[in-house]
1. If I ask for residues that are surrounded by fewer than 16 Cβ atoms within 10 Å (Cβ to Cβ), basic (K, R) and more than 17 Å from K250 (Cα to Cα), which ones from the stretch 181-212 would you list?
2. Would you point out the residue of the stretch 122-152, among those that are in a loop (DSSP other than H, G, I, E, B) and open to solvent by less than 50 Å² (accessible area, probe 1.4 Å), that is modelled with the lowest pLDDT?
3. Among R87, R102, R116, which is among the charged types (D, E, K, R) and touching a Gly at 6+ places or on another chain (Cβ under 7 Å)?
4. Taking the criterion of being in a loop (DSSP other than H, G, I, E, B), free of Cβ contacts under 8 Å to residues at least 40 places away in the same chain and closer than 28 Å to S228 by Cβ, would at least one residue in the stretch 48-57 satisfy it?
5. In the stretch 112-121, which residues are part of a loop (DSSP other than H, G, I, E, B) and modelled with pLDDT of 90 or more?
6. Between residues in the stretch 218-240 that are part of a loop (DSSP other than H, G, I, E, B) and residues that are among the acidic types (D, E) and at pLDDT 50 or above, which pairs lie under 8 Å by C-beta distance while being six or more apart or on different chains?
7. Considering only residues that are of a type in the set (V, I, T) and either open to solvent by 100 Å² or more (accessible area, probe 1.4 Å) or under 31 Å from the mean Cα position of the chain (by Cα) (or both), which ones fall in the stretch 36-57?
Amino acid sequence: QGSAQTELMIGGDSGGRIMRSYGGSAPQPRHTKTNELGQAYFYGLTSGEWKVKANLKTFASANQNLQVKEDVEQLETIVLYPASKVRLTAVDATGQIVAGARVVLSQEGENNFGSRSAVTDPWGLAVWSGQAPGQYRISESENEMGGMIFFGGEDDEEEEAAQPANDVVFDLEAGVLSEQKIMMAAKAVASVLVTRLGTPVAAVNVELASPNDNSGFGYFGDMGGSTSGTTNAQGMATLPPCDAGEYTLKARATST
């Protein structure tokens, strides 16, 4: 084990977490809180790569990699910044809001947090809180599930592929609310009316699937990015924006 000592300078009464992954096993975390001087100590660390995460209320979480050496006393510093918030509005080419769109926030550079996905609400808004300063990118989700029957010409697919990327890249300062807007790529939106012998039917599960999908219905309800929905009292269901393509429309009442 050695007698290595790591001192973490993470400010205030924040909490620190340090972990290491042993082979294919799950990480073994250690938890502590800094003292009145903003210091935290971890003893008996084996040499190798460790990851530290620091949290403090109203501040953005900080992640840092440490290269620990045995039998060496190390002093490491983690800087915490006031948390920022990003509020995104998704619109189409006409300026109309787009609800149910899947978007991803990612941080540029080496010390990034990975990515965070979101689905725009009925007002076309998506919000990410607790962000650190830096350069960020907002993109349409690459994992968005496909779409609906699209009525268009043969050149629609080529024209869509020729469109420039619509990513939003911006610099985020500490402790601010950043308002951003993204224009979604061309999407198709299905509005479905379900009737039984001419009478609109409410609470019907509606789903879009590939033409050769015979697996039946999936999970229904308000699932971000899914291609399913439920009809309202007027028998109408509006599905999330989807990529153009050929799909099979399925509908099933809860009692039938």
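The values are calculated or read from the model by the stated rules, or taken from the named source; none is laboratory data. Computed from a predicted model, the values in this text were never measured in an experiment. Because the Cβ atoms are built from the backbone with ideal geometry, glycine has one as well, and the counts that use them run over all protein chains shown. Just the protein is used for accessible areas: all its heavy atoms, side chains included, with ligands, DNA and RNA removed. Shrake-Rupley method; radii C 1.70, N 1.55, O 1.52, S 1.80 Å.
1. Once the filter is applied, which keeps residues that are surrounded by fewer than 16 Cβ atoms within 10 Å (Cβ to Cβ), basic (K, R) and more than 17 Å from K250 (Cα to Cα), the stretch 181-212 yields only K181.
2. Start the filter on the stretch 122-152 by keeping residues that are in a loop (DSSP other than H, G, I, E, B), which leaves 122-124, 132-133, 141-147, 150-152.
Now restrict to residues that are open to solvent by less than 50 Å² (accessible area, probe 1.4 Å): 124, 132-133, 141, 144, 146-147.
On the way: G124: 94, A132: 92, P133: 93, S141: 82, E144: 45, G146: 33, G147: 30.
Ranking the qualifying residues of the stretch 122-152, first place goes to G147.
3. Unique residue meeting the criteria: R102.
4. Residues of the stretch 48-57 in a loop (DSSP other than H, G, I, E, B): 56-57.
Then keep just the ones that are free of Cβ contacts under 8 Å to residues at least 40 places away in the same chain; that gives 57.
Within this subset, residues satisfying the condition of being closer than 28 Å to S228 by Cβ are none.
Scanning the stretch 48-57, I find no residue that is in a loop (DSSP other than H, G, I, E, B), free of Cβ contacts under 8 Å to residues at least 40 places away in the same chain and closer than 28 Å to S228 by Cβ, so the answer is no.
5. We begin by selecting, within the stretch 112-121, every residue part of a loop (DSSP other than H, G, I, E, B); these are 112-114, 120-121.
Scanning the stretch 112-121 gives T120, D121.
6. G218/E207; F220/E207; T227/E207
7. V52
Every residue, every condition in (1) of a type in the set (D, E); (2) closer than 24 Å to S139 by Cβ; (3) at pLDDT below 90; (4) in contact with a helix residue (DSSP H, G or I) (Cβ under 9 Å, 6 or more places away or on another chain), yes or no:
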{"position": "A174", "(1), (2), (3), (4)": "no, yes, no, no"}
{"position": "E179", "(1), (2), (3), (4)": "yes, yes, no, no"}
{"position": "A190", "(1), (2), (3), (4)": "no, yes, yes, no"}
{"position": "V204", "(1), (2), (3), (4)": "no, no, no, no"}
{"position": "S215", "(1), (2), (3), (4)": "no, no, yes, no"}
{"position": "F220", "(1), (2), (3), (4)": "no, no, yes, no"}
{"position": "S226", "(1), (2), (3), (4)": "no, yes, yes, no"}
{"position": "M236", "(1), (2), (3), (4)": "no, no, no, no"}
{"position": "A244", "(1), (2), (3), (4)": "no, yes, yes, yes"}
